[in-house]
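Asker: Let me begin by handing over the structure; questions about it come next.
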Amino acid sequence: MSLDESFNKAAEDVKDLVSAPGDADLLELYALFKQATVGDCNTTRPGMLDFKGKAKWDSWNGKKGMSQDEAKTQYIAKVASLIQSIGKK
């Protein structure tokens, strides 16, 4: 299976977790997914009252410079780790 196929499978598998991951795991998944699909953060940081938006932006921006293939690899590993710890439906 190619990297892209594995990444797409992981993106589907994460939707079938028994329960929702914690906030830190969700931010990590978000950042890795965005870095893998878009690349470096290309938006301005949300305003001061958008706490959720700022957390997501900060997490994604923290991956700046990481290659899209590396982000896909880390995303696949993160999903596998969550499936192992939380379980899959």
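The values are calculated or read from the model by the stated rules, or taken from the named source; none is laboratory data. Computed from a prediction, not measured in an experiment: that's the story for all the values here. Neighbour counts are summed over all protein chains in view; Cβ atoms, including those assigned to glycine, are modelled from backbone coordinates with ideal geometry.
Asker: Go through the stretch 12-29 and report how many residues are under 10 Å from the mean Cα position of the chain (by Cα) and without any contact (Cβ under 8 Å) to a residue 24 or more places away in the chain.
Answerer: 1
Asker: Kindly establish whether Lys54 is modelled with pLDDT of 95 or more and buried (at least 16 other Cβ atoms within 10 Å of the Cβ).
Answerer: No: the conditions fail for Lys54.
Asker: List, please: which pairs have Cβ atoms under 6 Å, are six or more places apart or on different chains, and start with a residue in the stretch 30-55 that is free of Cβ contacts under 8 Å to residues at least 12 places away in the same chain and end with one that is part of a loop (DSSP other than H, G, I, E, B)?
Answerer: Every condition considered, the pairs that remain are Gly53/Pro46; Lys54/Pro46.
Asker: Next up: When only residues in the stretch 57-89 that are of a type in the set (Phe, Trp, Tyr) and closer than 21 Å to Phe7 by Cβ count, which is surrounded by the most Cβ atoms within 10 Å (Cβ to Cβ)?
Answerer: Initial filter on the stretch 57-89 (of a type in the set (Phe, Trp, Tyr)): 57, 60, 75.
From what is left, the residues that are closer than 21 Å to Phe7 by Cβ are 60, 75.
Values: Trp60: 21, Tyr75: 25.
Among them, the one singled out is Tyr75.
Asker: I'd like the full set of residues that are touching a residue at least 12 places away in the same chain (Cβ under 8 Å) and over 12 Å from the mean Cα position of the chain (by Cα), limited to the stretch 69-81.
Answerer: Residues satisfying the conditions are Asp69, Ala80.
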